[in-house]
1. By how many degrees, between 0 and 90 and to the nearest 10, does the Cα long axis of helix 70-80 differ from the longest principal axis of the chain?
2. What order do you get for 235-246, 165-176 when each peptide is scored by the mean count of other beta carbon atoms within 10 Å, highest first?
3. Any idea what angle helix 99-108 forms with the longest principal axis of the chain, computed on alpha-carbon atoms, 0 to 90 degrees, nearest 10?
4. Quick one: work out the % antiparallel among DSSP beta bridges in the chain, nearest 5.
5. What does the helix-only formula give at 222 nm for the chain: each DSSP H stretch with n ≥ 4 adding -39500 (n - 2.57), the total divided by the residues, and the result rounded to the nearest 500 deg cm²/dmol?
6. Assuming 0.36 nm per residue, please report the length gained on full extension of the stretch residue 98 to residue 163 beyond their Cα-Cα distance.
7. With viscosity set to 0.890 mPa s and temperature to 25 °C, compute the Stokes-Einstein D of the range 180-254, Rh being the Kirkwood radius across alpha carbon pairs; µm²/s, no decimals.
8. Report the residues of the range 80-116 in range of a label on residue 26: point 7 Å along Cα→C-beta, backbone N strictly under 12 Å from it.
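Read-outs: derived from the displayed coordinates by stated rules, not from any lab. From a predicted model like this one, the values you see are computed outputs, not experimental measurements. Glycine gets a Cβ as well: all are built from the backbone with ideal geometry, and neighbour counts include every protein chain shown.
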């Protein structure tokens with residue numbers, strides 16, 4: 001039988017990773033998981049204590065010694081993993097009880113790469129900053145519809161057969177959007193399946209400073225992945241992205257609004273309530289994108 005290796009990069013995640021590990025430990029098909037590997041580069045002293053509570057439950061911790069970006073943490077974990085299916089999850093994601101069951105079922109149907117939906121946890125659904133981040137980052141991956149092929153999936157809820165992972169060379173070593181580049185490379189070899197039923201709940205930042213700083217990182221990462229993936233496209237070269245940035249931002253906004261409207265009245269109302277925070281985050285994403293251009297030019 002195919003077995004799952006769950007790989008989690010971690011940095012100062014003590015406030016959330018216990019929820020992630022508890023969710024893994026309570027899976028309805030726990031026998032399908034042969035190991036859980038946490039690649040930890042924390043320096044807060046709190047995360048290590050949180051992880052120590054779970055060591056007796058088969059959780060394996062690899063300490064990197066220095067802080068590493070998530071992409072490198074995932075690659076380190078994949079190299080040490082022994083399972084047939086590599087499952088990548090973030091240290092602030094909580095898997096639904098039947099998550100492992102849904103992933104295994106999909107893989108055994110011949111879906112060699114894919115992932116599932118992302119939802120807001122109940123305790124954050126009425127909070128503006130988590131809702132704003134959810135719609136900014138995961139509006140394409142809501143829990144609705146049938147399984148279908150996409151070009152890429154977020155690394156907080158992603159699986160890939162070991163042989164396929166090794167064939168594409170793992171995750172590219174960039175700070176953000178590494179999952180986008182990885183998915184695009186995988187999709188050249190095999191379909192990347194979006195399976196809404198394989199759900200995780202994502203815990204989002206609740207402090208304004210952290211929220212805005214993360215949007216800066218994501219905006220810069222978006223430019224980096226586009227330059228990496230489309231090296232010959234003129235409007236990603238030199239100062240051209242600055243000229244096209246208003247158009248990129250407008251297209252991003254239009255796509256998100258369109259997707260949210262299609263999900264129904266409940267999510268649409270939540271989106272409208274969170275829109276001021278959402279729009280602020282979008283502006284900081286745009287600033288991060290612009291900074292990426294200026295850094296490249298310096």
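1. Tilt of helix 70-80: around 20 degrees.
2. Numbers: 235-246: 14.0, 165-176: 17.3.
The peptides rank, most packed first, as 165-176, 235-246.
3. 90 degrees
4. On the way: 13 of 35 bridges.
Percent antiparallel among DSSP bridges in the chain is about 35.
5. Working: 11 runs with 140 residues, N = 298.
Calculated from helices alone, the mean residue ellipticity at 222 nm is -15000 deg cm²/dmol.
6. Values: separation 65, 0.36 × 65 = 23.40 nm, distance 2.48 nm.
Gain on extension, residue 98 to residue 163, equals 20.9 nm.
7. Numbers: Rh = 15.2 Å.
Here the translational diffusion coefficient equals 161 µm²/s.
8. The answer is 94-98, whose backbone nitrogens lie closer than 12 Å to the label point.
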